[in-house]
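Everything below concerns the one structure shown next.
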Amino acid sequence: MVELLWRDGGAKRVLSLDRIVHAAVEVADEEGLSGLSMRKVAERLGFTGMSLYRHIPGRDALVELMCDAVLGDPPEDPVGGGWRSRLEGWVRKGWELRKRHPWLAEVRGTRQLPGPNGTAHYEYVLGILAGTGLAPAEVVASVNLVGRIVDAEAAVLVEAARAERSSGVGHEEWWAARDSLYARLDRYPTLTALWEAGGFDEPEDPFEFGLARVLDGIELLVRKRDEMRDEMCQECGEPVERQSTGRTRAYCSRACQQRAYRKRKSG
């Protein structure tokens, strides 16, 4: 599978594999991941299902190839953008991608092999936060967290669309038909007060709300780490004791200050 994901783009066989992946993406866009089969992909290409197995071992491998193919190249950095605007831009592109290809939210599991496009995107977004004061583990955790926001909200869209297809009834129409439930809710005072105050009339966009709150949290952590970094000795990296005046010292001791001075003189 690694060889398929990281295949060389020059061979004639690869062109056939790329056609298979492209056709499979079209099928999944139209019918969801549950509607994807090797047979349907082959029929779209005008071949038999067995002919696909000369290029790809099966459906699971095909899905991994599809995931990497639709990612494309990472975005270009905006000129003069800070880490927050860059990270937000990357997340929004991922959200738009999942709205174009909802089946991405149906891909589950912790053992999905990364392809070249997926790895390039991961490298790009890690680089956004690697230049901040966050610790290495905090960089990885922050990137994974914003990625889960996108996946979770995309999964909600997929579930809503699946329910509508299976029932033939839209989301709003389904809830509007539950009058007997609403008649029983007046026994819950907090719920009733929020309802009467219009809390459910125009709810916050869950993606926008969640993204903003997560980015706020990461920003607070970055600021905290920057403050801690300002209080570290510029020579040895040990904590610097604050002076009573509140002025931050550059070195933790006279010895570190002298070593730094000698380095500047010798340099």
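The values are calculated or read from the model by the stated rules, or taken from the named source; none is laboratory data. Please read these numbers as outputs of a predicted model, since none were measured by experiment. Here the Cβ positions follow ideal geometry from the backbone for every residue, glycine too, while neighbour counts run over all protein chains shown. Remember, those area values only see protein heavy atoms, side chains included, never the ligands or the DNA or RNA. Shrake-Rupley method; radii C 1.70, N 1.55, O 1.52, S 1.80 Å.
From Cα coordinates alone, what are the radius of gyration and Dmax values for the chain in angstrom?
26.3, 84
With a Förster radius of 45 Å, plug the Cβ-Cβ distance of M50 and A155 into 1/(1 + (r/R0)^6) and report the FRET value to the nearest 0.05.
Calculated value: 0.85.
Could you state how much accessible area D205 has, in square angstrom rounded to the nearest 10, with a 1.4 Å probe and all protein chains kept in place?
Taking all protein chains as shown, D205 has close to 80 Å².
Ranked by accessible surface with a 1.4 Å probe, highest first, in what order do H121, H171 come?
H171, H121
For L191 and K224, what is the calculated FRET efficiency with R₀ set at 45 Å and r taken between the beta-carbons, to the nearest 0.05?
0.80
Considering only C-alpha atoms, what is the centroid distance from the range 138-166 to the range 50-71, in Å?
The range 138-166 and the range 50-71 have Cα centres separated by 23 Å.
Over the chain, what percent of the accessible surface lies on carbon and sulfur atoms, probe 1.4 Å?
54 percent
Please determine, in degrees from 0 to 90 and to the nearest 10, the orientation of helix 59-71 with respect to the longest principal axis defined by the Cα atoms of the chain, where the helix direction is its Cα long axis.
The answer is roughly 50 degrees.
Could you calculate the contour length gain from R100 to L113, that is, 0.36 nm times the residue separation minus the distance between their Cα atoms, to one decimal place in nm?
Full extension of this stretch gives 2.5 nm more.
Which order do the peptides 98-107, 254-263, 207-216 take when ranked by the mean count of other beta-carbon atoms within 10 Å per residue, highest first?
Ranking, from highest mean packing down: 98-107, 207-216, 254-263.
For the chain, with every protein chain kept in place, what is the accessible area per residue (1.4 Å probe, Å²)?
Per residue, the chain has 65 Å² of solvent-accessible surface.
Give me the angle, in degrees from 0 to 90, between the Cα long axis of helix 206-230 and the longest principal axis of the Cα atoms of the chain, rounded to the nearest 10.
20 degrees
Would you please give the FRET efficiency between R254 and K93, computed as 1/(1 + (r/R0)^6) with r the Cβ-Cβ distance and R0 = 51 Å, to the nearest 0.05?
Given R0 = 51 Å and the Cβ-Cβ separation, E is 0.50.
Among S167, S51, S85, which one shows the biggest mean-square fluctuation in a GNM of the chain, springs joining Cα atoms closer than 10 Å?
S167
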